[in-house]
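The values are calculated or read from the model by the stated rules, or taken from the named source; none is laboratory data. Note that the structure is a prediction, hence the values are computed from the model and not measured. Reconstructed Cβ throughout: ideal geometry from the backbone, glycine too, with neighbour counts over all protein chains shown. Quick note on the areas: whole protein, heavy atoms, side chains included, nothing else; ligands and nucleic acids left out. Shrake-Rupley method; radii C 1.70, N 1.55, O 1.52, S 1.80 Å.
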Amino acid sequence: MLQNQDTMEILSNLTSKFPTFLLTSIPGLESAHAWISIPFCCLYTIALSGNTMILFIIITQQSLHEPMYYFLSMLSATDLGLTVSTLSTTLGILWFDAHEISLDSCIVQMFFLHGFTFMESGVLVAMAFDRYVAICDPLRYTTILTNSRIIQMGLLIITRATVLMVPLLLLLKPLYFCRMNALSHSYCYHPDVIQLACSDIRANSICGLIDLTLTTGIDTPCIVLSYILIIHSVLRIASPEEKHKVFSTCVSHMGAVAVFYIPMLSLSLVHRYGHSAPRVVHSVMANVYLLLPPVLNPIIYSVKTKQIRKAVLSMLLTK
(Lines give C-alpha, C1' and ligand atoms only; values in the text may rest on other atoms or scores of the structure.)
Protein backbone atom coordinates (compact mmCIF):
# COMPACT_ATOMS: atom_id res chain seq x y z
CA MET A 1 0.00 0.00 0.00
CA LEU A 2 2.82 2.35 0.93
CA GLN A 3 4.63 1.46 -2.29
CA ASN A 4 1.52 2.33 -4.36
CA GLN A 5 1.25 5.69 -2.60
CA ASP A 6 4.91 6.43 -3.36
CA THR A 7 4.37 5.48 -7.01
CA MET A 8 1.31 7.76 -7.28
CA GLU A 9 3.23 10.62 -5.69
CA ILE A 10 6.10 10.21 -8.16
CA LEU A 11 3.66 10.15 -11.10
CA SER A 12 1.87 13.25 -9.83
CA ASN A 13 5.21 15.03 -9.65
CA LEU A 14 6.02 14.06 -13.20
CA THR A 15 2.73 14.86 -14.86
CA SER A 16 0.02 17.44 -14.46
CA LYS A 17 -3.34 18.18 -16.05
CA PHE A 18 -3.05 21.84 -15.01
CA PRO A 19 0.57 22.64 -15.84
CA THR A 20 2.49 25.86 -15.90
CA PHE A 21 4.40 26.49 -19.12
CA LEU A 22 7.65 28.41 -19.35
CA LEU A 23 7.84 30.83 -22.27
CA THR A 24 11.20 31.44 -23.92
CA SER A 25 12.60 34.66 -25.32
CA ILE A 26 15.82 34.46 -27.37
CA PRO A 27 18.00 31.65 -25.99
CA GLY A 28 21.48 32.69 -24.93
CA LEU A 29 20.61 36.39 -24.75
CA GLU A 30 18.76 36.48 -21.44
CA SER A 31 21.19 39.04 -20.00
CA ALA A 32 20.43 41.45 -22.86
CA HIS A 33 16.62 41.54 -22.44
CA ALA A 34 16.60 45.29 -21.78
CA TRP A 35 18.38 45.99 -25.07
CA ILE A 36 16.39 43.42 -27.05
CA SER A 37 13.15 44.99 -25.84
CA ILE A 38 13.98 48.23 -27.70
CA PRO A 39 13.64 46.83 -31.27
CA PHE A 40 10.63 44.77 -30.17
CA CYS A 41 8.94 47.89 -28.78
CA CYS A 42 9.68 49.73 -32.02
CA LEU A 43 8.19 46.90 -34.12
CA TYR A 44 5.08 46.64 -31.92
CA THR A 45 4.65 50.44 -32.07
CA ILE A 46 4.94 50.43 -35.88
CA ALA A 47 2.45 47.55 -36.17
CA LEU A 48 -0.10 49.11 -33.80
CA SER A 49 0.16 52.68 -35.09
CA GLY A 50 0.39 51.68 -38.77
CA ASN A 51 -2.66 49.41 -38.78
CA THR A 52 -4.66 51.78 -36.58
CA MET A 53 -3.87 54.61 -39.00
CA ILE A 54 -4.97 52.52 -42.02
CA LEU A 55 -8.25 51.64 -40.25
CA PHE A 56 -8.86 55.28 -39.23
CA ILE A 57 -8.21 56.56 -42.75
CA ILE A 58 -10.54 54.03 -44.40
CA ILE A 59 -13.31 54.69 -41.86
CA THR A 60 -13.09 58.50 -42.09
CA GLN A 61 -12.36 58.98 -45.81
CA GLN A 62 -15.60 58.68 -47.80
CA SER A 63 -13.66 58.24 -51.06
CA LEU A 64 -12.17 55.00 -49.70
CA HIS A 65 -15.52 53.36 -48.99
CA GLU A 66 -14.99 50.79 -51.76
CA PRO A 67 -14.63 46.97 -51.68
CA MET A 68 -10.84 47.00 -52.06
CA TYR A 69 -10.41 49.26 -49.01
CA TYR A 70 -13.03 47.40 -46.96
CA PHE A 71 -10.91 44.26 -47.39
CA LEU A 72 -7.78 46.27 -46.53
CA SER A 73 -9.47 47.40 -43.29
CA MET A 74 -10.19 43.73 -42.49
CA LEU A 75 -6.50 42.96 -43.05
CA SER A 76 -5.46 45.79 -40.72
CA ALA A 77 -7.93 44.59 -38.07
CA THR A 78 -6.55 41.03 -38.16
CA ASP A 79 -2.98 42.39 -38.03
CA LEU A 80 -3.92 44.40 -34.94
CA GLY A 81 -5.37 41.25 -33.39
CA LEU A 82 -2.20 39.28 -34.14
CA THR A 83 -0.03 42.01 -32.63
CA VAL A 84 -2.06 42.34 -29.42
CA SER A 85 -2.21 38.51 -29.04
CA THR A 86 1.53 38.23 -28.40
CA LEU A 87 2.41 41.69 -27.10
CA SER A 88 1.75 40.98 -23.39
CA THR A 89 3.76 37.75 -23.15
CA THR A 90 6.68 38.91 -25.32
CA LEU A 91 7.17 42.23 -23.52
CA GLY A 92 6.38 40.57 -20.19
CA ILE A 93 9.41 38.32 -20.65
CA LEU A 94 11.70 41.11 -21.85
CA TRP A 95 10.66 43.70 -19.24
CA PHE A 96 9.65 41.69 -16.15
CA ASP A 97 11.21 38.25 -16.76
CA ALA A 98 7.65 36.82 -16.59
CA HIS A 99 8.13 33.39 -18.19
CA GLU A 100 5.29 31.44 -16.58
CA ILE A 101 1.87 30.97 -18.17
CA SER A 102 -0.95 28.61 -17.17
CA LEU A 103 -2.64 26.15 -19.54
CA ASP A 104 -5.89 28.16 -19.56
CA SER A 105 -4.05 31.39 -20.39
CA CYS A 106 -2.12 29.49 -23.05
CA ILE A 107 -5.37 28.23 -24.60
CA VAL A 108 -6.85 31.75 -24.64
CA GLN A 109 -3.72 33.11 -26.33
CA MET A 110 -3.75 30.30 -28.90
CA PHE A 111 -7.41 30.94 -29.66
CA PHE A 112 -6.73 34.55 -30.62
CA LEU A 113 -3.28 33.97 -32.14
CA HIS A 114 -4.24 31.07 -34.42
CA GLY A 115 -7.74 32.47 -34.93
CA PHE A 116 -6.42 35.77 -36.28
CA THR A 117 -3.89 33.84 -38.40
CA PHE A 118 -6.74 31.84 -39.99
CA MET A 119 -8.71 35.06 -40.48
CA GLU A 120 -5.78 36.80 -42.15
CA SER A 121 -5.43 33.90 -44.57
CA GLY A 122 -9.14 34.19 -45.40
CA VAL A 123 -8.90 37.97 -45.87
CA LEU A 124 -6.01 37.49 -48.33
CA VAL A 125 -8.24 35.13 -50.35
CA ALA A 126 -11.05 37.72 -50.32
CA MET A 127 -8.59 40.39 -51.50
CA ALA A 128 -7.39 38.10 -54.30
CA PHE A 129 -11.01 37.58 -55.36
CA ASP A 130 -11.52 41.36 -55.28
CA ARG A 131 -8.56 41.88 -57.64
CA TYR A 132 -9.78 39.07 -59.91
CA VAL A 133 -13.26 40.60 -60.29
CA ALA A 134 -11.83 44.13 -60.72
CA ILE A 135 -9.51 43.04 -63.54
CA CYS A 136 -11.29 40.13 -65.21
CA ASP A 137 -14.91 41.29 -64.88
CA PRO A 138 -14.78 45.07 -64.21
CA LEU A 139 -18.28 45.82 -65.55
CA ARG A 140 -19.87 43.63 -62.88
CA TYR A 141 -17.50 44.67 -60.06
CA THR A 142 -19.99 46.78 -58.10
CA THR A 143 -22.84 44.29 -58.60
CA ILE A 144 -20.75 41.30 -57.45
CA LEU A 145 -18.99 42.94 -54.50
CA THR A 146 -21.91 44.69 -52.82
CA ASN A 147 -21.71 45.87 -49.20
CA SER A 148 -23.95 43.04 -48.01
CA ARG A 149 -21.78 40.46 -49.80
CA ILE A 150 -18.60 41.91 -48.30
CA ILE A 151 -20.19 41.68 -44.82
CA GLN A 152 -21.15 38.06 -45.52
CA MET A 153 -17.58 37.29 -46.58
CA GLY A 154 -16.25 38.89 -43.39
CA LEU A 155 -18.65 36.88 -41.22
CA LEU A 156 -17.71 33.69 -43.07
CA ILE A 157 -14.00 34.35 -42.41
CA ILE A 158 -14.67 34.88 -38.67
CA THR A 159 -16.98 31.84 -38.44
CA ARG A 160 -14.49 29.56 -40.18
CA ALA A 161 -11.68 30.58 -37.82
CA THR A 162 -13.87 30.09 -34.72
CA VAL A 163 -15.27 26.70 -35.82
CA LEU A 164 -11.78 25.39 -36.59
CA MET A 165 -10.20 26.70 -33.38
CA VAL A 166 -12.74 25.48 -30.78
CA PRO A 167 -12.24 21.68 -31.23
CA LEU A 168 -8.48 22.15 -31.62
CA LEU A 169 -8.24 23.82 -28.21
CA LEU A 170 -10.84 21.62 -26.46
CA LEU A 171 -8.65 18.63 -27.25
CA LEU A 172 -5.86 20.19 -25.17
CA LYS A 173 -7.85 20.06 -21.91
CA PRO A 174 -7.78 16.23 -21.42
CA LEU A 175 -4.01 16.04 -22.00
CA TYR A 176 -1.49 15.44 -19.24
CA PHE A 177 1.75 17.40 -19.44
CA CYS A 178 5.18 16.60 -18.07
CA ARG A 179 6.54 19.06 -15.54
CA MET A 180 9.12 21.66 -16.61
CA ASN A 181 7.16 22.54 -19.75
CA ALA A 182 9.60 24.86 -21.51
CA LEU A 183 8.12 26.22 -24.74
CA SER A 184 10.24 27.30 -27.71
CA HIS A 185 8.70 30.77 -28.14
CA SER A 186 7.55 33.84 -26.25
CA TYR A 187 3.93 32.84 -26.91
CA CYS A 188 1.86 29.65 -26.99
CA TYR A 189 2.04 27.97 -30.40
CA HIS A 190 -0.16 24.86 -30.78
CA PRO A 191 2.40 22.48 -32.38
CA ASP A 192 4.91 23.54 -29.72
CA VAL A 193 2.50 22.95 -26.81
CA ILE A 194 1.25 19.48 -27.82
CA GLN A 195 4.82 18.20 -28.21
CA LEU A 196 5.20 18.57 -24.42
CA ALA A 197 2.22 16.34 -23.61
CA CYS A 198 2.87 13.00 -21.91
CA SER A 199 -0.40 11.50 -23.19
CA ASP A 200 -1.47 10.49 -26.70
CA ILE A 201 -1.59 13.51 -29.05
CA ARG A 202 -2.72 11.76 -32.24
CA ALA A 203 -6.18 13.38 -32.11
CA ASN A 204 -4.56 16.79 -31.60
CA SER A 205 -2.17 16.28 -34.51
CA ILE A 206 -4.97 15.10 -36.82
CA CYS A 207 -7.18 18.06 -35.83
CA GLY A 208 -4.26 20.44 -36.43
CA LEU A 209 -3.65 18.89 -39.85
CA ILE A 210 -7.35 19.21 -40.75
CA ASP A 211 -7.31 22.89 -39.71
CA LEU A 212 -4.19 23.51 -41.78
CA THR A 213 -5.78 21.79 -44.79
CA LEU A 214 -9.02 23.77 -44.46
CA THR A 215 -7.14 27.09 -44.23
CA THR A 216 -3.74 27.21 -45.93
CA GLY A 217 -4.48 24.09 -47.98
CA ILE A 218 -7.54 25.75 -49.56
CA ASP A 219 -6.56 29.43 -49.41
CA THR A 220 -3.17 29.13 -51.12
CA PRO A 221 -4.50 27.38 -54.27
CA CYS A 222 -7.38 29.92 -54.43
CA ILE A 223 -4.92 32.84 -54.37
CA VAL A 224 -2.65 31.17 -56.95
CA LEU A 225 -5.65 30.42 -59.21
CA SER A 226 -6.84 34.05 -58.93
CA TYR A 227 -3.47 35.34 -60.10
CA ILE A 228 -3.25 32.80 -62.92
CA LEU A 229 -6.59 34.09 -64.21
CA ILE A 230 -5.50 37.71 -63.64
CA ILE A 231 -2.24 37.19 -65.58
CA HIS A 232 -4.11 35.42 -68.39
CA SER A 233 -6.52 38.37 -68.61
CA VAL A 234 -3.74 40.99 -68.46
CA LEU A 235 -1.70 39.31 -71.22
CA ARG A 236 -4.60 39.89 -73.61
CA ILE A 237 -4.32 43.66 -73.09
CA ALA A 238 -2.48 45.17 -76.04
CA SER A 239 -1.18 48.39 -74.45
CA PRO A 240 1.98 48.01 -72.29
CA GLU A 241 0.88 51.04 -70.26
CA GLU A 242 -2.45 49.40 -69.47
CA LYS A 243 -0.68 46.16 -68.49
CA HIS A 244 1.58 48.05 -66.12
CA LYS A 245 -1.36 49.95 -64.62
CA VAL A 246 -3.36 46.77 -64.03
CA PHE A 247 -0.41 44.88 -62.53
CA SER A 248 0.42 47.81 -60.25
CA THR A 249 -2.99 47.43 -58.57
CA CYS A 250 -1.98 43.90 -57.52
CA VAL A 251 1.52 44.66 -56.20
CA SER A 252 0.38 45.57 -52.67
CA HIS A 253 -1.71 42.42 -52.32
CA MET A 254 1.10 40.20 -53.64
CA GLY A 255 3.42 41.79 -51.07
CA ALA A 256 0.92 41.07 -48.28
CA VAL A 257 0.61 37.45 -49.42
CA ALA A 258 4.42 37.05 -49.48
CA VAL A 259 5.03 38.52 -46.00
CA PHE A 260 2.27 36.31 -44.55
CA TYR A 261 2.88 32.93 -46.18
CA ILE A 262 6.70 32.85 -46.47
CA PRO A 263 7.39 33.25 -42.69
CA MET A 264 4.49 30.90 -41.84
CA LEU A 265 5.77 28.13 -44.12
CA SER A 266 9.34 28.70 -42.93
CA LEU A 267 8.31 28.32 -39.27
CA SER A 268 6.33 25.15 -40.07
CA LEU A 269 9.35 23.65 -41.84
CA VAL A 270 11.65 24.57 -38.95
CA HIS A 271 9.24 22.91 -36.47
CA ARG A 272 8.90 19.74 -38.52
CA TYR A 273 12.38 19.26 -39.96
CA GLY A 274 14.68 21.61 -38.07
CA HIS A 275 15.08 19.67 -34.82
CA SER A 276 18.86 19.92 -35.11
CA ALA A 277 18.73 23.70 -35.73
CA PRO A 278 19.85 25.95 -32.85
CA ARG A 279 17.04 27.10 -30.52
CA VAL A 280 17.77 30.71 -31.45
CA VAL A 281 16.68 29.91 -35.04
CA HIS A 282 13.28 28.68 -33.78
CA SER A 283 12.89 31.80 -31.64
CA VAL A 284 13.81 34.28 -34.38
CA MET A 285 11.57 32.53 -36.96
CA ALA A 286 8.65 32.55 -34.50
CA ASN A 287 8.95 36.29 -33.90
CA VAL A 288 9.39 37.03 -37.62
CA TYR A 289 6.31 34.92 -38.41
CA LEU A 290 4.01 37.02 -36.22
CA LEU A 291 5.59 40.48 -36.37
CA LEU A 292 6.51 40.77 -40.05
CA PRO A 293 2.97 40.95 -41.58
CA PRO A 294 1.56 43.53 -39.10
CA VAL A 295 4.68 45.70 -39.45
CA LEU A 296 5.08 45.53 -43.23
CA ASN A 297 1.47 45.50 -44.48
CA PRO A 298 0.72 49.16 -43.56
CA ILE A 299 4.07 50.20 -45.09
CA ILE A 300 3.42 48.23 -48.30
CA TYR A 301 -0.06 49.67 -48.75
CA SER A 302 1.01 53.20 -47.82
CA VAL A 303 3.83 53.14 -50.37
CA LYS A 304 2.17 51.20 -53.20
CA THR A 305 -1.46 52.38 -53.03
CA LYS A 306 -1.83 55.97 -54.25
CA GLN A 307 -5.11 56.72 -52.45
CA ILE A 308 -3.81 55.41 -49.11
CA ARG A 309 -0.49 57.23 -49.55
CA LYS A 310 -2.25 60.54 -50.25
CA ALA A 311 -4.57 60.07 -47.26
CA VAL A 312 -1.65 59.21 -44.94
CA LEU A 313 0.39 62.22 -46.10
CA SER A 314 -2.64 64.48 -45.77
CA MET A 315 -3.32 63.28 -42.22
CA LEU A 316 0.34 63.63 -41.15
CA LEU A 317 0.77 67.09 -42.71
CA THR A 318 -2.42 68.49 -41.17
CA LYS A 319 -1.07 67.54 -37.76
Folded to 0 to 90 degrees: helix 202-214 orientation relative to the chain principal axis, Cα:
10 degrees
Could you work out how much longer the chain between LEU229 and VAL284 gets when fully extended? Use 0.36 nm per residue separation minus the Cα distance between them, nm to one decimal.
16.2 nm
Starting from the eigenvalues of the Cα gyration tensor, five times each then square-rooted, give me the equivalent ellipsoid semi-axes of region 71-152, largest first, whole Å.
38, 11, 9
Given R₀ = 35 Å, what would the calculated FRET efficiency be for THR146 paired with VAL166, taking r from the Cβ atoms and rounding to 0.05?
0.70
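So what is the accessible area of region 200-319 per residue, in Å², with the probe set to 1.4 Å?
Details: 6840 Å² over 120 residues.
Heavy-atom SASA per residue in region 200-319 reads 57 Å².
Taking a quarter of the surface of the Cα convex hull of region 33-314, what do you get in nm²? Walk me through the numbers on the way to the answer.
Working: hull surface 66.0 nm².
About 16.5 nm², averaged over all directions.
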At q = 0.09, 0.14, 0.15 Å⁻¹, what log₁₀ I(q)/I(0) does a Debye calculation on the Cα points of region 161-319 give, no solvent, two decimals?
-0.47, -0.91, -0.98
Degrees, to the nearest 10: 216-235 long Cα axis against longest axis of the chain
20 degrees
Need the full-extension length gain, HIS244 to LEU269, defined as separation in residues times 0.36 nm minus the C-alpha distance. One decimal, nm.
5.5 nm
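Given 0.36 nm per residue, what is the gain on full extension from ARG236 to LEU313 after removing their alpha carbon distance, in nm?
Details: separation 77, 0.36 × 77 = 27.72 nm, distance 3.58 nm.
Value of the extension gain: 24.1 nm.
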Rounded to the nearest 10, the angle in degrees between the Cα long axis of helix 279-304 and the longest principal axis of the Cα atoms of the chain comes to 20 degrees
Roughly speaking, to the nearest percent, how much of the chain's 1.4 Å accessible area is carbon and sulfur?
70 percent
What translational diffusion coefficient, in µm²/s and rounded to a whole number, does the Stokes-Einstein relation yield for region 251-319 at 10 °C and a viscosity of 1.306 mPa s, taking the hydrodynamic radius as the Kirkwood radius over Cα pairs?
116 µm²/s
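Using r as the Cβ-Cβ distance of THR45 and HIS65, and R0 as 22 Å, what FRET efficiency do you calculate, to the nearest 0.05?
Values: r = 28 Å, r/R0 = 1.28.
Calculated transfer efficiency: 0.20.
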Modelling each spin label as a point 7 Å along the Cα-to-Cβ direction, I'd like the LEU212/SER276 distance in nm, to one decimal.
2.1 nm
